[in-house]
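Have a look at the structure below before the remarks.
The values are calculated or read from the model by the stated rules, or taken from the named source; none is laboratory data. None of these values were measured; they are calculated from a predicted model. Cβ placement follows ideal geometry from the backbone for every residue including glycine, while neighbour counts extend to all protein chains displayed. Quick note on the areas: whole protein, heavy atoms, side chains included, nothing else; ligands and nucleic acids left out. Shrake-Rupley method; radii C 1.70, N 1.55, O 1.52, S 1.80 Å.
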Amino acid sequence: MKQYQSFEDIEADLKRLNLEKHIAWEEMKLIKSEFQEELKPANWLQTALKIAGKYGLFLLTKRIFK
C-alpha cells in the first residue's frame, strides 16, 4: 500500500486515476460504436458478396482447369 506524504500527493493520484477512468470510458464508447457498425446489415451483405465472389472465382478456375 502506498504511503502518502501530503494531501497534494493524494490529490495528484486522484486526478491521475480520474483521468485514467475517463480515458477507459471513452475507449469503451469507441469499441461499442465500432461493434454496432459491424453489426449493420450492409456490412454483412458486403462480406457475403466478397465471399460469394471468391467462391465464384474458385469455381470458374476449377472449370477452366478440368
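At a glance:
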item	result
Value of Rg to Rh for the chain (Rh from inverse mean 1/r over Cα pairs, i.e. Kirkwood)	1.55
Principal-axis tilt of helix 41-64 within the chain, Cα atoms, nearest 10 degrees	40
Under-24-angstrom lysine pairs by C-alpha in segment 1-65, whenever the two are 8 or more apart or on separate chains	11
Heavy-atom surface of the chain, accessible at 1.4 Å and reported per residue (Å²)	104
Most positive-pole-ward Cα, ALA42, PHE65, ALA52, against dipole of the chain from beta carbon charges	PHE65
Between 0 and 90°, nearest 10: helix 7-38 axis offset from the chain longest Cα axis	20
Value of [θ]222 nm, deg cm²/dmol, for the chain, DSSP H segments ≥ 4, -39500 (n - 2.57) each, nearest 500	-30500 deg cm²/dmol
